[in-house]
Amino acid sequence: MTSNTEGDAFGRLPEEIRIEIIKLSLDPLSIRSLVHASPVMGRVLDRYPLEIVEVALNATVPVETRRLMVAVLRARFSRFPTSLSEAQKIATIDLPSAFNEMLSSRLDRAAAAVRSLLATAENAHAWSHACLEHLIQKSMELRPSTLIKRGAGGTDQEKFEKAESHKDYLPQYTGPPSWVEEQRMIKAFWRLQFFLELQGAGNKGLLGMYWSRQEVEMLSNGSMESFYDVFDFEREQILTACDFFRAVTSGTIALVKAIDKDAYRLSTIHWIEGTVPRHSCAEPLSFGFNKDRFGQGPDYLDSSPLGYKFYHVMSSIQWLDGSPPLVGFPFQPWRKYGFAIWDDKRMADLGMRPPEGRRISKNYISYCFRWFSILNEEDLP
C-alpha cells in the first residue's frame, strides 16, 4: 500500500464493494467529497467515471438540471448540440444515447471530464447558496405597508400612491432555503454555466461543424437573458442568477468575491473572509395528495412560483376585476428580492401572500398594495 493510501479503510475492501459504495454515494457533491478524501475511491471513479456519474445524476438530480449537466459534460468531450435551436431547448430534450457516445472516449479523458463536472457541480452549488443568502438578506430588509384605505386618483397606481397605510409588517425569517428554492437556483446557474461554455466553444471555432456561421454569430453576440427558449417565469429565474453573477464579478456585492475569473465559465467564489462553505442539499419534501399548501414539493420545481403568477395577473388584463393595478410594471423590482425563486411559505412570511396557504384572491387588493409598497422611486415606470 502506498503512503498516500495508508489509513484509507476503503483500500481493504474488494473492488466490487468499492464500486457499490461510490454509486451509493449518490449525489455529485458526495462523490466529489468521497474521492477527495479517499485516493482509493478516487481510483475507482477514474476507472468507471461515466458509469458512476450517470447513476448519480439519474438518482438524485431533477430532470431538467440533469439534462443541463449532461450537456456541459458532453461539451467537455467537444460534443455539442447540433443547432442553436437545440441548444436553446437543451433542458427539455432527452439524449438517451449521450453516455454511450462518451464511452467511446479514452478512459483518462473521461475521468478528467467527470472530475471537472463534479468540481463544477460544487461551484454551481456554492454560487446558488451565496445567491440565495444574498436574496434572503435583501428580502428580510423589506418593510412592506398594510393598506388602510386607497386614495383618490384616476388609476390604481395613483390610488396606491395616495393611500392611507401603516408600515407595520415585519418579515418573518422562514429559515434556510427549501429544496424547491435551492433547486430553482441551481438550475438557473447550470443554465448560465452551459451558456458560457457554449459561447466559449463558438468563439474558439468548435461549433463550425455543427452550426451555421449565422447561428455561431447569434450565440457570440447574444445575451444570457434572451438565449434560452423558456417561459417568462423561467427567464426571471435565469435573470436572478445573472444579476447576482454580474454583481459579484463586478465587485458590487460585499458578501462574496470571484476569483479565477474565466469569461467562459462560472468563476470560483469565496466569502470575503474565506471559502464559500458547503451547504448540504435540502431534502425534497413529500406531501399527501393536495397537501402541499406552499408549493414546496418536487411537483412545483418546474412550474411558475406564486411570486411570478401574482405579478403576471396584477400587471395584465387577467386581473380579477379587469383593471390591473400595476400594468406596465416590469418584474425586475421584485426579482432583486428573490420573488422568482421563493416558495409560497417564504412569500407568506414576507407578507406577500396570505398565511396558511389561503388563496390570495380573497384579499387581492391588500396584497397588491403590499407589493407596491416595497417599490422605491426608481422602480416606478
Output the residues belonging to the stretch 296-307 that are within 24 Å of P330 (Cα to Cα) and either of a type in the set (S, T, N, Q) or not in a helix (DSSP H, G or I) (or both).
-> L301, D302, S303, S304, P305
Quick one: is I269 in contact with a Phe, Trp or Tyr (Cβ under 8 Å, 6 or more places away or on another chain), β-branched (V, I, T), under 30 Å from S303 (Cβ atoms) and assigned to a helix (DSSP H, G or I)?
-> no
Within the stretch 203-241, of all residues that are small (G, A, S) and either modelled with pLDDT of 95 or more or not in a helix (DSSP H, G or I) (or both), the one surrounded by the most Cβ atoms within 10 Å (Cβ to Cβ) is A241
Might you check whether a residue that is more than 30 Å from I272 (Cβ to Cβ) and among the hydrophobic types (A, V, I, L, M, F, W, C) occurs anywhere in the stretch 114-125?
-> yes
Is there any pair with a first residue in the stretch 131-153 that is exposed (fewer than 12 other Cβ atoms within 10 Å of the Cβ) and a second that is in a loop (DSSP other than H, G, I, E, B) whose Cβ atoms are under 7 Å apart and which are 6 or more apart or on different chains, and what are they?
-> K149/A163; A152/K162
Among V35, V61, V44, the single one that is crowded, with 19+ Cβ neighbours inside 10 Å and within 22 Å of L192 (Cα to Cα) is V61
Among the listed residues F244, F195, which satisfies the condition of being within 26 Å of T82 (Cβ to Cβ) and modelled with pLDDT of 95 or more?
-> F195
Could you run through the stretch 137-185 and say how many residues are of a type in the set (A, V, I, L, M) and outside any helix (DSSP H, G or I)?
-> 6
May I ask you to say which residue of Q137, Q214, Q183 is polar (S, T, N, Q) and touching a Pro at 6+ places or on another chain (Cβ under 6 Å)?
-> Q183
Determine the pairs where a residue that is on the phi > 0 side of the Ramachandran plot, located within the stretch 341-357, has a partner that is of a type in the set (K, R) and in a loop (DSSP other than H, G, I, E, B) with Cβ atoms under 7 Å apart, the partner being 6 or more residues away or on another chain.
-> G357/R293
Count of residues meeting criterion [modelled with pLDDT under 75, within 19 Å of H129 (Cα to Cα) and of a type in the set (S, T, Y)] in the stretch 268-321 | 2
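The values are calculated or read from the model by the stated rules, or taken from the named source; none is laboratory data. On a predicted model such as this, the values are computed, not experimentally measured, just so you know. Cβ sites come from the backbone with ideal geometry, for glycine too, and all protein chains shown count toward neighbours.
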